[in-house]
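Asker: Quick one: structure below, then a few questions.
Values quoted throughout were computed directly from the atomic coordinates according to the rules given, and no laboratory measurement underlies them. Keep in mind the model is a prediction, meaning the values are calculated, not measured. Cβ placement follows ideal geometry from the backbone for every residue including glycine, while neighbour counts extend to all protein chains displayed.
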Amino acid sequence: MLLGLAMKNAVKHVRMYILDFGNSALIPYQGLPHVADYMGLDDTEKMEKFERLILEMIRDRKKRMAKAMAQNFNVYNQSQEEPLAAVVIAVDNYDAAAEAGDAMLQFLQKVARDGAGLGIYLAVTMTRENVMRGATKGNFKERIAGFNFVDGENYSFLGRSQIVLPEDTKGRALVKQEGICLMQLYAAVPCEDELSYNRLLKERIKEVAEASTEESARGIPVLPEVLRYEMLPEYPGYQADPRKLPVGIDVDSLKVRYLDFTEGPALVIGGAGSGRTNTVKTLLQHAKGSPVYLFDNGDGILRTYAGQEGICYANTKEGALEQLGKLQELARERRERYEEERVENVNLQVRDFCRNLPPVYAAVDGLQQLHELLEEGRQLDVLTEAAKYGVCILVTSEIKIKKTSGSEFITRLAAPNEGLILGSARVQSIFSSTGIREDNRSIDLGYYHNRGENRKVKLIENQ
């Protein structure tokens, strides 16, 4: 069935998912360009994401068809300029589905009930007729019964028939159409013995794959062991925006999460050893080719970036004051230019003005250390003006920020709407920890916070 559909249809028209709960006999079919993914019972994470994907697809297609006033998949595709692809879910050995729990059975029941009219089709094999709930089984109009050692199994599945299937003739089966008929199943390739069958099957699948000129169906992305910056385009929601810093991917949806510099300075908060400096390295990779004012902490962990193209490095008081002076001058120049343009366009907003300026970045790795180094908190207020005029500022901090520091910049930074929490979220008081129950100890995981909502993210790892 899978091979026949792949040989007759373009990838853009048919997409397949294989749920192999049997003896892994369907593994070779992963090579078909139409097969988006292959899953077994042990692929827990992938199975959960697959269920969410299909249920969301069901909701989306129902909305589309209601809007188009189309009663089913075929009518919709005949009436719309952009037809939907058919989705085939092949489940081998449904008997074992119960081992995955009630959630899996309820999912398959929903797909069986709602899917066909939406272009989402189930092809299921099972050994015993009674392993499937009646509410699910009633949705299968096409039924094929092969030879079964249990007397009466096929009768309860299809209905009574005088036809008796021979035990010694492989491939004979019963099919219910207007009545019950005898049929002969065919093999995908000549079946002299198992070894030659597997070899010929792989060759046939390879031929189909090589004959296709389309891009293969995209699989279900799962969390990688290590997430690198260059891997981000593979995940949903990716944007190459210089004013949005990607920090990782959502653990559940795998969407790329960003700190938006257009909303103001971005804050990363966490204890010692939680990975704050790693996020600064992500910024340095994101900002390649653009000017970066880098304020390192007293440990000098980022010293290797000193002297690199575009990076102005400082980890002394004199160096920090010099860089703050340059940022102050940059903000002044931009303010004057904005005021000049506003004479001709009185409705021009600062944000719109800054959007057309080349990106400039500033990164402070260790807010407390920089504050103590400068001795006077008000000197940091230069960063407030710089942020107002489009400088993309990233600040890392320990879990507590001294709001009585005499700095307007620190006071504003201590009341953010967006940020990144590293380490345990419950030991800090800057961001709300609503929805976070676990005590995070993983350096590769954090929490993206946006206006009271927290999303667990897999962090980008930098060498």
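Asker: Setting aside same-chain residues fewer than 8 positions from residue 170, which aspartates and glutamates have a Cα under 15 Å from its Cα?
Answerer: Straight-line reach from residue 170, under 15 Å: 192, 193, 194.
Asker: Hand me the GluC sites (Glu not before Pro) from the range 37-142 located in a DSSP loop with no more than 16 other Cβ atoms within 10 Å, in residue order please.
Answerer: Those satisfying the criteria are 81, 142.
Asker: Which loop-located trypsin sites (Lys or Arg not before Pro) does the range 129-227 contain, where loop means any DSSP state but H, G, I, E or B and the Cβ has at most 13 other Cβ atoms within 10 Å?
Answerer: Answer in residue order: 141, 160, 170, 218.
Asker: So what's the range 229-459 giving for Cα Rg divided by 2.2 N^0.38 Å, two decimals?
Answerer: Ratio of Rg to 2.2 N^0.38 Å for the range 229-459: 1.00.
Asker: Measure nothing fancy, just the Cα-based angle from helix 44-68's long axis to the longest principal axis of the chain, in degrees from 0 to 90, nearest 10.
Answerer: 80
Asker: Report relative contact order for the range 229-459 in percent, whole number only (criteria: Cα-Cα under 8 Å, sequence separation at least 6).
Answerer: Across the range 229-459, relative contact order equals 25 percent.
Asker: Return the long-range amide H neighbours of residue 362 (sequence gap of 5 or more, or a different chain), with a cut-off of under 5 Å between placed amide H atoms.
Answerer: It is 293, 392, 393, 394, by chain and number.
Asker: Could you give the angle, 0 to 90 degrees to the nearest 10, between helix 317-344's Cα long axis and the longest principal axis of the Cα atoms of the chain?
Answerer: Tilt of helix 317-344: around 80 degrees.
Asker: Hand me the GluC sites (Glu not before Pro) from the range 212-318 located in a DSSP loop with no more than 16 other Cβ atoms within 10 Å, in residue order please. Numbers along the way, then the final one.
Answerer: Numbers: sites: 214, 215, 225, 230, 234, 263, 309, 318; in loops: 214, 215, 225, 309.
Passing sites in the range 212-318 are 214, 215, 225, 309.
Asker: How many angstrom lie between the Cα centre of the range 392-425 and the Cα centre of the range 45-79?
Answerer: 43
Asker: Compute the long axis of helix 102-114 from its Cα atoms, compare it with the longest principal axis of the Cα atoms of the chain, and write down the angle in degrees, 0 to 90, nearest 10.
Answerer: Tilt relative to the chain: about 70 degrees.
Asker: Across the range 229-459, how many lysine pairs, 8 or more apart or on two chains, come within less than 24 Å at their alpha-carbon atoms?
Answerer: 29
Asker: Now for a different question. Once phi is turned into θ = phi - 60°, what whole-Hz ³J(HN,Hα) does the Karplus curve with 6.51, -1.76 and 1.60 give for every residue of the range 250-257, x standing for Gly and Pro?
Answerer: Couplings: 4, 4, 8, 8, 6, 6, 6, 10 Hz.
Asker: With the Cα gyration tensor of the chain in hand, convert its eigenvalues to equivalent ellipsoid semi-axes via √(5λ) and list them largest first in whole Å.
Answerer: On the way: eigenvalues 714, 105, 86 Å².
So the equivalent ellipsoid measures 60, 23, 21 Å along its semi-axes.
Asker: What ranking of 261, 353, 149 emerges when the number of other C-beta atoms within 10 Å of each C-beta is taken as an exposure proxy, fewest first?
Answerer: Numbers: 261 23, 353 19, 149 7.
Lowest count first: 149, 353, 261.
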